[in-house]
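Structure record follows, encoded as structure tokens.
Every number in this text was worked out from the coordinates using simple rules, so none of it is lab data. As the structure is a prediction and not an experimental result, all values here were calculated from the model. Cβ: placed from backbone, ideal geometry, glycine included. Neighbour counts: every protein chain shown.
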Amino acid sequence: MNRSDLIARLAELQPQLQLKDAEFGVKVIIDALTNTLSNGRRVEVRGFGSFDLNYRPPRTGRNPKTGASVKVSAKYVPHFKAGKELRARVSERKPE
């Protein structure tokens, strides 16, 4: 599911919302998640999971085309950990 699918699904499930209102709601939620993570804080949605930042120290990488060594700087990357309820619901699902 991508962003436009999520907006369409929200508008479908909540008929009192117009498509532009559903789009605005999804935008507000994603912006809030993004801003919180960019400020270095954790986001937790009970029953779904949590978003946090993982630190990756500097390292030496390789350019796959030339094989030359490349210095990769330290960075923080977003990390998602599924909650207990989400893991349980996914494990109940039969593969299609």
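Lys/Arg Cβ at +1, Asp/Glu Cβ at -1, dipole of the chain taken about the Cα centre: which of Ala68, Asn54, Asn35 is farthest positive-ward? Comparing the listed Cα positions along the dipole, Ala68 ranks first. Rounded to the nearest whole Hz, the Karplus-based 3J(HN,Hα) values (6.51 cos²θ - 1.76 cosθ + 1.60, θ = phi - 60°) of region 49-60 follow the sequence x, 9, 10, 9, 10, 10, 8, 10, x, x, 8, 9, with x at glycine and proline.
Could you size up the charge dipole of the chain around its Cα centre, putting +1 on the beta carbon of Lys and Arg and -1 on that of Asp and Glu, and report it in debye to the nearest 20? Mind showing how you got there, number by number?
Values: 19 positive and 10 negative charges, 147 e Å.
About 700 debye.
Is the shape of region 45-96 rounded, prolate or oblate, going by the alpha carbon gyration tensor and its root eigenvalues a ≥ b ≥ c, with a/c under 1.5 for rounded and a/b larger than b/c for prolate? Cα axes put region 45-96 in the oblate bin.
For the chain, with a Gaussian network of springs between Cα atoms less than 10 Å apart, report the residue from Ser50, Ser69, Ser38 with the top mean-square fluctuation. Fluctuation is largest for Ser69. When the Gaussian network model of the chain links Cα atoms closer than 10 Å, the mean-square fluctuations of Val45, Val26, Val70 top out at Val70.
Residues considered: Gly61, Gly47, Gly25. Largest GNM mean-square fluctuation over the chain, using C-alpha springs under 10 Å, is found at Gly61. Note on the chain: Lys pairs 8 or more places apart or on different chains, Cα atoms under 29 Å apart, count 8.
Among residues other than Lys71 whose Cβ falls under 14 Å from its Cβ, what is the net charge (Lys/Arg +1, Asp/Glu -1)? Summing Lys/Arg as +1 and Asp/Glu as -1 gives +4. Within the P(r) computed for region 1-41, what percentage of the Cα pairs occupies the region above 13 Å? It works out to 53 percent of all Cα pairs.
Take every pair of alpha-carbon atoms less than 8 Å apart whose residues are at least six positions apart; their mean separation over the length of the chain yields a relative contact order of 20 percent.
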